[in-house]
Amino acid sequence: MAGYLSGDTRKVTTHRLIEMKQKGEKISMLTAYDYTMAQLVDGAGMDIILVGDSASNVMAGNVTTLPITLDQMIYHGKSVVRGVKRALVVVDMPFGTYQAEPYEGVRNAIRMMKETGADALKLEGGEEVIDTIRKIIGAGVPVMGHLGLMPQSINKYGTYGVRAKGEAEAEKLVRDARLLQEAGCFGLVLEKIPAALAARVAAGLTIPAIGIGAGGAVDGQVLVVADMLGMTQGFSPRFLRRYADLHTVITDAIGKYVADVKSSDFPNESEQY
Ligand code: KIV
């Protein structure tokens, strides 16, 4: 058996991810935004932990990922890095920190790497940001790409629907994926695109393509931790498999605590000094 399940507890590197693709070993990736969750996710054997800018939604309650700041992503990144021993930690560069000008992107990328201690960064976009990506990689920072549905561009799309259903957008995505590989990205995320297109992209690359809502014929899968643990409600896209119902578990536990406090059942004799 390959990887973590065989007891291989070496730190995951970008090189190992590429080897995993070569061997046909699927790559597991999940988000985390804080120390406690990062320890749990890492301890369960995750290959990549993504400090996603979905922290904007999940942790801060924003409607989109756009408002989260560089300082806030650095805070989440640092907290996660402290809790991780084995997984590769990738932090999202937030909206507005790399789109305007390549050298601003490089400066922000360097700051994120220095202050978080993360292993790599993730940026959304293809051709439009390729010069910036080249320069960030040139500065020694490993970069993961992100194509398909790019939530930082939600105001351009107007909807979170499936991307690249038409031929022109699909062909652009295939070209962008190649560009990202040629620029030196060690992998990329494909979000919410037709499974057949994702399969074609993954098969045409030597770097791993990790899917979310992109079918099974890719090199790995990523989900948002709060969604797959059933902590969030009212978000049920077709691609989301819920592995637990923590909403019920947590609500029941907290409800019991409230009742125990109200009835003076808590604390009892053995729970005091
Ligand atoms: O921010 C995030 O959580 C992401 C994943 C959905 C891939 O980018």
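Here, each number is a calculation from the coordinates, and none is a lab measurement. Just so you know, these numbers come straight off a predicted model, no measurement behind them. So basically every Cβ, Gly included, is an ideal-geometry build from the backbone, and we count neighbours across all protein chains shown.
Of the residues A38, V58, N108, the one whose Cα sits farthest toward the positive end of the charge dipole of the range 34-118, with +1 on the Cβ of Lys and Arg and -1 on the Cβ of Asp and Glu, is A38.
Sorting the segments 224-234, 248-258 by their mean number of nearby beta carbons within 10 angstrom, highest to lowest, gives 224-234, 248-258. Here the range 21-83 is treated with +1 on each Lys and Arg Cβ and -1 on each Asp and Glu Cβ, and its dipole about the Cα centre works out to around 180 debye. For the chain, a simple Cβ point-charge model (Lys and Arg +1, Asp and Glu -1, everything else neutral) yields a dipole of about 600 debye relative to the Cα centre. Within a straight-line Cα-Cα reach of under 29 Å, K172 can be paired with the following lysines, leaving aside sequence neighbours fewer than 8 residues apart in one chain: K21, K23, K26, K122, K135, K156, K192. Secondary-structure-derived ellipticity at 222 nm for the chain, considering helices only, amounts to -12000 deg cm²/dmol, per-run term -39500 (n - 2.57) for DSSP H runs with n ≥ 4. About its Cα centre, the dipole of the range 203-273 is roughly 440 debye, where the only charges are +1 on Lys and Arg Cβ and -1 on Asp and Glu Cβ. Could you work out how far the C-alpha centroid of the range 43-98 sits from that of the range 225-273, in angstrom? Taking the Cα centre of the range 225-273 as reference, the centre of the range 43-98 is 24 Å away.
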